[in-house]
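**Student:** Could you have a look at this structure, given as structure tokens, before my questions?
The values are calculated or read from the model by the stated rules, or taken from the named source; none is laboratory data. If you're wondering where the values come from, they're calculated on a predicted model, not measured in any experiment. Cβ: placed from backbone, ideal geometry, glycine included. Neighbour counts: every protein chain shown.
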Amino acid sequence: MSMTEPLPTMAEPWDNPEIPALAKAPPAATPIVPKSSIAGRSLAAVVAIMTFLAALTTGAASLVISAASDWQSDVGREVTIQVRPITGRDLDADVRHAAEIARSTSGIASVRPYTKEESAKLVEPWLGTGLALDDLPIPRLIVVKLWPGAKPDFAGLRRELTMQIPGASLDDHRRWIDRMRNMAGSAVAGGIGVLALVLAATVLSVTFATSGAMATNRPIIEVLHYVGATDGFIGRQFQRHFLVLGFKGGAIGGGAAIALFGAMEAANTWLAGTPAGDEAAALFGTLSITASGYAAILGQIVLMAAVTAFVSRRTVNHTIETID
């Protein structure tokens, strides 16, 4: 063989037409962190359960706030005048006089005196039916409705009633409004406390679940570290992986809670006008959380994903430090 002749070259595998096309193709790139593993699925399940519990707590607090606001609005739109029977005075005349005094007060929308029969029906739940109530000193009620946003002079109205009608008194339901406000505040404070506990349990659960998943992937971290991969590169790979897991679990848990509240709202609409629906509406309001409640649930989904990613990054950094 002369020096000018080209050297023979070895045939490459992909040059052989007999080799199938699949065998010729280079191997597909695989992710550094396995996408599906038992530890990863367990972590997603933990995040889903905790997000569901946190969303339920948030929705319940939103329902309490909405119901309390409706109650306060209903009670605050009317006041009650009570006229007690007094010996020697005409009760019907006192009721008419009290109604006239109320109508002359600014900010009053309507005045409705209860008849003797209507007043007697109010005490039937306690005294029963079929009783002779003529001899009982049952007071007569006058329901006074206010214009929206009006602020009548209740002090002056109470003073006029007391001066001109000895057995009359005014109840502006201020005590009931204060009690409902305190109840709503207590419920919200309790909801915040429960939510804080759920979030703390979530952080701990995610920490342990992420640590277990990272322990499974420790050989991968060691190999990447020994071949020269930077700590930031390794941390970003695992952080991205666990961010997706956390968001997936949070979306499942938060989505389930949103679906539950949506079903409750649909059931409330379907039962509207029925005895069961009226009782539920009286106790819990419309059984629908506000837009801010749904926004809070969506925020919790993002928060769970962020917590999972943050914990995984810290765990990776700690693992790399132990390798060094």
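**Student:** State whether the residues of the range 216-238 include one that is exposed (fewer than 15 other Cβ atoms within 10 Å of the Cβ), over 32 Å from the mean Cα position of the chain (by Cα) and of a type in the set (S, T, N, Q).
**Tutor:** Yes, some residue in the range 216-238 is exposed (fewer than 15 other Cβ atoms within 10 Å of the Cβ), over 32 Å from the mean Cα position of the chain (by Cα) and of a type in the set (S, T, N, Q).
**Student:** Here's something else I'd like to know. From the set of residues in the range 175-188 that are among the small types (G, A, S) and more than 13 Å from the chain's Cα centre (by Cα), which is nearest to A67 (Cα to Cα)?
**Tutor:** Looking at residues that are among the small types (G, A, S) and more than 13 Å from the chain's Cα centre (by Cα), I get A184.
**Student:** Something else: Of all helices (runs of 4 or more DSSP H) completely enclosed by the range 75-186, which ones contain at least 2 residues that are of a type in the set (D, E, K, R)?
**Tutor:** 91-103, 116-122, 154-164
**Student:** Let me ask something else about it. Would a scan of the range 145-164 turn up a residue that is surrounded by fewer than 17 Cβ atoms within 10 Å (Cβ to Cβ), small (G, A, S), over 15 Å from T105 (Cα atoms) and touching a residue at least 24 places away in the same chain (Cβ under 8 Å)?
**Tutor:** Scanning the range 145-164 turns up no residue that is surrounded by fewer than 17 Cβ atoms within 10 Å (Cβ to Cβ), small (G, A, S), over 15 Å from T105 (Cα atoms) and touching a residue at least 24 places away in the same chain (Cβ under 8 Å).
**Student:** Of these, A306, A276, A282, A267, which one is more than 11 Å from T51 (Cα to Cα), modelled with pLDDT of 85 or more, among the aliphatic types (A, V, I, L, M) and part of a helix (DSSP H, G or I)?
**Tutor:** Only one candidate qualifies: A306.
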